[in-house]
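Inspection log for the structure reproduced underneath, given as structure tokens.
The values are calculated or read from the model by the stated rules, or taken from the named source; none is laboratory data. Every value quoted in this text rests on a predicted model; they were computed, and no experiment measured them. Note that each Cβ is placed from the backbone with ideal geometry, even for glycine, and that neighbours are counted across all protein chains shown. Just so you know, the surface numbers come from the protein's heavy atoms only, side chains and all, with ligands and any DNA or RNA stripped out. Shrake-Rupley method; radii C 1.70, N 1.55, O 1.52, S 1.80 Å.
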Amino acid sequence: GKCVVSDQSPLQVSFVWGIFVFDEPVRSKYLACFAVLLIIAGIYGMSYFSTPESTFNHRVVPEEDLDVHSSSNDQGSIDHHPLPSTSDDDANILNRSNRGKAYIGIRNDEGEEDSDQHEAVGQEQVANTTSTADVVDVVDEEDDSLETTTTTIFGRKVSNRSLGICAAMFNGIWGGSIMVPMHWAPDSTKGTGYVISFAVGAAVVTLLLWILRFVYLLRQTRSFMFAYRCLPSLHLKTMALPGSTSGILWSIGNFFSIISVYYLGEGVGYSVVQAAMIVSGLWGIFFFKEIVSPPLIWKWFGSAVTTVSGILLLSYAHQATSAK
């Protein structure tokens, strides 16, 4: 349920912009607010019940994956062993949490990230920082482990949980406001005419983020070549087809969200667009088989019905006024 902040915030922000800031006409603000509450409740339910079922249970590391040996000394200590399998991402998290330093993946000459070359700032190996005794314990994936894992930002340690919540709130405020500038755009550039301007802005921000990342790495490494090699790989060979497909689908969906806001307004149009989570949830249930428990599936569908009810009610509030 931690992703609910990111799912619902754009809806709430766009609704406030449209109904209370731009004073877009609706039959009743109370009716519109009730409809949005239904949508929020439905999205919350879909987000909660679409969580992979493994997170609802305690995860125990199988005994055959562990190599526990009791020491023969008087203290009866347990020999330290690395985790059974530690991916690069896990090593990244462990390295930051144990030493609060930056973890840098180095790309090879072909532009792909070399999994055999990783530089971790510090003196110890990640494998030496985790004992078998830590692994034997039952791991609760819903515990407060995120509170103890930190990320260093400009020399200050920030818990990953706090950083994630702030990022989700930032996404909600900015994501719910992306169609706001169209309100002040000339009539000739609204609707489909707004797409090109939107695309240019997205391209500029993407390029700016890469430049900022490079400057940050340059400040850390003090080497132009090393900073360039530390930039994330584009993985063109692997991601050309799936990445391009995702980009095309997102662009088409975003095009129709602009049309929705143009005809229905910020408060109604963009709020309804946020219900796209219904489609992603159906993919997860029927194609990716992320949920297989019938009770959870029925609860998810109940939440989806609640969301659709809110959408229909919100649409009715807008249509009743526009018909006048």
Q | q = 0.11, 0.15, 0.20, 0.22 Å⁻¹: log10 I(q)/I(0) that the Debye formula gives for segment 144-281, counting C-alpha atoms only | A | -0.64, -1.06, -1.27, -1.32
Q) In nm, what is the difference between 0.36 nm times the number of residues separating residue 166 and residue 187 and their Cα-Cα distance? A) 4.0 nm
**Q.** 194, 262, ranked by accessible area, largest first (probe 1.4 Å)
**A.** 262, 194
Q) HN-Hα J couplings of segment 273-279 from phi, Karplus 6.51/-1.76/1.60, θ = phi - 60°, integer Hz, Gly and Pro as x? A) 4, 5, 6, 4, 4, 4, 5
Q: Can you tell me the order of 41-51, 178-188 when each peptide is scored by its average per-residue count of other Cβ atoms within 10 angstrom, highest first?
A: 41-51, 178-188
(Q) Expected output is a single nm value to one decimal: the length gained when fully extending between residue 250 and residue 16, i.e. 0.36 nm times separation in residues minus the C-alpha distance. What is it? (A) 81.8 nm
Q | Accessible-area ranking of 217, 234, 241, largest first, probe 1.4 Å | A | 241, 234, 217
Q. If you take the beta carbon distance between residue 154 and residue 259 as r and set R0 to 41 Å, what does 1/(1 + (r/R0)^6) give as a FRET efficiency, to the nearest 0.05?
A. 0.50
Q: Grab the alpha carbons of segment 217-324, take their convex hull, and tell me the volume per residue in Å³.
A: 183 Å³
Q: Find the percent of Cα-Cα distances in segment 157-204 that exceed 11 Å, and round it to a whole number.
A: 73 percent
Q: Can you pull the one-decimal nm distance between simple spin-label points at residue 282 and residue 199, each 7 Å off the Cα toward Cβ?
A: 2.8 nm
Q | Karplus-derived HN-Hα couplings along segment 286-301 (A = 6.51, B = -1.76, C = 1.60, θ = phi - 60°), whole Hz, x at Gly and Pro | A | 8, 9, 8, 6, 6, 10, 10, 6, x, x, 5, 5, 5, 5, 5, 5
(Q) Taking all protein chains in place and a 1.4 Å probe, what share, in percent, of the accessible surface of segment 174-324 do carbon and sulfur account for? (A) 73 percent
Q) Pulled fully out, how much extra length does the chain show between residue 212 and residue 238, if you take 0.36 nm times their separation in residues and subtract their Cα-Cα distance? A) 6.8 nm
